[in-house]
Amino acid sequence: MLNQREILAALERRISVGSGFALLAVRVCDLRDVAIRHGAQRGEQAEADAERLIRESLRPVDEAFRAGDELFAVILPDLPARNHALLAATRLFKSFERPLRGDGVPWQGRLRIGAAFFPQDGGDADTLWRRAQMAKQHAARRGEPCGFYEVRESRIDIDYDELRESIESNRLRAYFQPLWDLRARRIVGVESLARWTTARQEIVPPDQFVPFAEQSDLIVALTHWSINATFRHAAALGKSDLGIAINLSARAVARGGVTEQLRDALSIWGIAPTSVIAEFTETALVEDFDRTVRTLRQLRDLGMRVAIDDFGTGYASLMYLSRFPATDLKIDKTLIEPIGLDARAARLAESIIQLAHRLDMTTTAEGIADANTDRLLMEMGCDYGQGFHLGAPQPADKFIERFCAETVG
């Protein structure tokens, strides 16, 4: 194909220079729908508009090419590091935030981006282009808008029927990880986490089986299991005032019914809505902004708290942060782990804490691994924390047994 040859030739020219660069595979989702709904001419106009938006968000030295249906290739010279490429990706996302009205037909494209880097991810044009597309596919499986190629990414082959049967037979297991009040020095809540061990005794990480469920109809069943398993264990805590945090998938929200499932489960297990914290990842919130905001408001109306999880790993702008009706902000461990060794990282973490407080949000630091990090966060005014230093995830029934024993004692 002509476009492919043009892309590979441009990559070979860039490789011959010898300096590092980034390659993005950019998919403008739903672009082909414009041609299907409104005809080929308007579809071509929409594709041209998409290419124009991409080019306008780039630097003069960057190159962009149409690569096929809904797909574009973007070459970013002298950007060999993830953080720099991430800034470029963020500009692309921002360019597509508002609907366009090409030839009188309104449309809005959602981006999915994969990135690969020369020379670390490949030394020839074909390998780099394939790996950028692989990164885009991996991001889609995780339900994220952007992803980087991971050479060591190891995946377990998941059997659809086995996962479905494990969910239906309640063979997954709920784990609780404690959430600490950093100033009062006591446990004030737990985060519920799903764990799955197959019949072959293979431990499948959540970041593999959850995206697998999201790409199939299993996400509805998995969400239903997670809600009821969490609340069943929470009911065993009796009149404890612990908060119960539960992770909710963007795909489950998109399919609808999550609010109703939560309301029904609260009634069945006798859990107060005010004790529940519904957690959404930052990237998931951006996936379907309007629907997500409606769902978050419904959960707030029920009395639940709403948390933005893993803040700092996604691509939501500050505008999004101000518009989400969230009560809590959970700062990702990648921003927390270096604060004891890096003064700039510490200032960044403190700035996020202060920003959240100005937005009337409580803050939780994830991944607290040592006493020094714990102390620094407390001095910064962070409200809550979790991590292996404060307590590792453990089977929910074991956590409850120990917590109740210590409370009575």
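The values are calculated or read from the model by the stated rules, or taken from the named source; none is laboratory data. These numbers were taken from a predicted model, which means no experiment stands behind them. All Cβ positions, glycine included, derive from the backbone under ideal geometry; neighbour counts span all protein chains shown.
Helices (runs of 4 or more DSSP H) fully within segment 12-110 that include at least 1 residues being modelled with pLDDT of 75 or more, closer than 27 Å to Thr127 by Cα and in contact with a strand residue (DSSP E or B) (Cβ under 6 Å, 6 or more places away or on another chain): 40-56, 82-95. Yes or no: Gly257 in contact (Cβ under 8 Å) with a residue 12 or more places away in the chain, on the phi > 0 side of the Ramachandran plot and in the same structural domain as Thr362 (by TED's automatic domain parsing)? Taking the combined requirement at face value, the residue satisfies it.
Taken as a whole, segment 326-337 holds no residue that is within 22 Å of the chain's Cα centre (by Cα), under 19 Å from Phe176 (Cα atoms) and touching a residue at least 60 places away in the same chain (Cβ under 8 Å). In segment 308-316 there is at least one residue that is surrounded by 22 or more Cβ atoms within 10 Å (Cβ to Cβ), under 28 Å from Pro273 (Cα atoms), modelled with pLDDT under 95 and touching a Phe, Trp or Tyr at 6+ places or on another chain (Cβ under 8 Å).
This table checks each residue for (1) among the charged types (D, E, K, R); (2) in contact with a strand residue (DSSP E or B) (Cβ under 6 Å, 6 or more places away or on another chain); (3) in contact (Cβ under 8 Å) with a residue 40 or more places away in the chain.
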{"position": "Ile158", "(1), (2), (3)": "no, no, yes"}
{"position": "Trp180", "(1), (2), (3)": "no, yes, yes"}
{"position": "Ala199", "(1), (2), (3)": "no, no, no"}
{"position": "Phe209", "(1), (2), (3)": "no, yes, yes"}
{"position": "Ile244", "(1), (2), (3)": "no, yes, yes"}
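Against the test of being in a strand (DSSP E or B) and either within 21 Å of the chain's Cα centre (by Cα) or modelled with pLDDT of 80 or more (or both), the options Ala139, Ala115 yield a single qualifying residue, Ala115. Looking at segment 196-226, which of the residues that are at pLDDT 80 or above and more than 20 Å from Gly143 (Cα to Cα) is surrounded by the most Cβ atoms within 10 Å (Cβ to Cβ)? Checking each candidate, the answer is Thr198. Looking only at segment 293-304, residues that are in contact with a helix residue (DSSP H, G or I) (Cβ under 8 Å, 6 or more places away or on another chain) and surrounded by fewer than 21 Cβ atoms within 10 Å (Cβ to Cβ) come to 4 in all.
Here segment 373-393 is the region considered, the condition is being of a type outside the set (Asp, Glu) and in contact with a strand residue (DSSP E or B) (Cβ under 6 Å, 6 or more places away or on another chain), and the residue that is nearest to Ala234 (Cα to Cα) is Pro393. Any residue in segment 377-385 that is at pLDDT below 95 and either in contact with a helix residue (DSSP H, G or I) (Cβ under 8 Å, 6 or more places away or on another chain) or not assigned by TED's automatic domain parsing to the domain that holds Val306 (or both)? Looking through segment 377-385, none of the residues is at pLDDT below 95 and either in contact with a helix residue (DSSP H, G or I) (Cβ under 8 Å, 6 or more places away or on another chain) or not assigned by TED's automatic domain parsing to the domain that holds Val306 (or both). For segment 338-380, the candidate set comprises residues that are surrounded by 16 or more Cβ atoms within 10 Å (Cβ to Cβ) and polar (S, T, N, Q); within that set, the residue that is farthest from the chain's Cα centre (by Cα) is Thr373. Only residues that are part of a strand (DSSP E or B) and out of contact with any helix residue (DSSP H, G or I) (no Cβ under 8 Å at 6 or more places or on another chain) were counted across segment 174-188, and they come to 6.
Of all residues in segment 388-400, those that are at positive phi and buried (at least 17 other Cβ atoms within 10 Å of the Cβ) have Cβ atoms under 9 Å from Cβ atoms of residues that are among the β-branched types (Val, Ile, Thr) and part of a strand (DSSP E or B), 6 or more apart or on another chain, in Gly391/Ile187. Give me the pairs: first residue in segment 288-311 and in the same structural domain as Ala250 (by TED's automatic domain parsing), second residue outside any helix (DSSP H, G or I) and among the hydroxyl-bearing types (Ser, Thr, Tyr), beta-carbon distance under 6 Å, and six or more apart or on different chains, which are they? Between residues of segment 288-311 that are in the same structural domain as Ala250 (by TED's automatic domain parsing) and residues that are outside any helix (DSSP H, G or I) and among the hydroxyl-bearing types (Ser, Thr, Tyr), the close pairs are Arg305/Thr327; Val306/Thr327; Asp309/Thr281; Asp310/Thr281.
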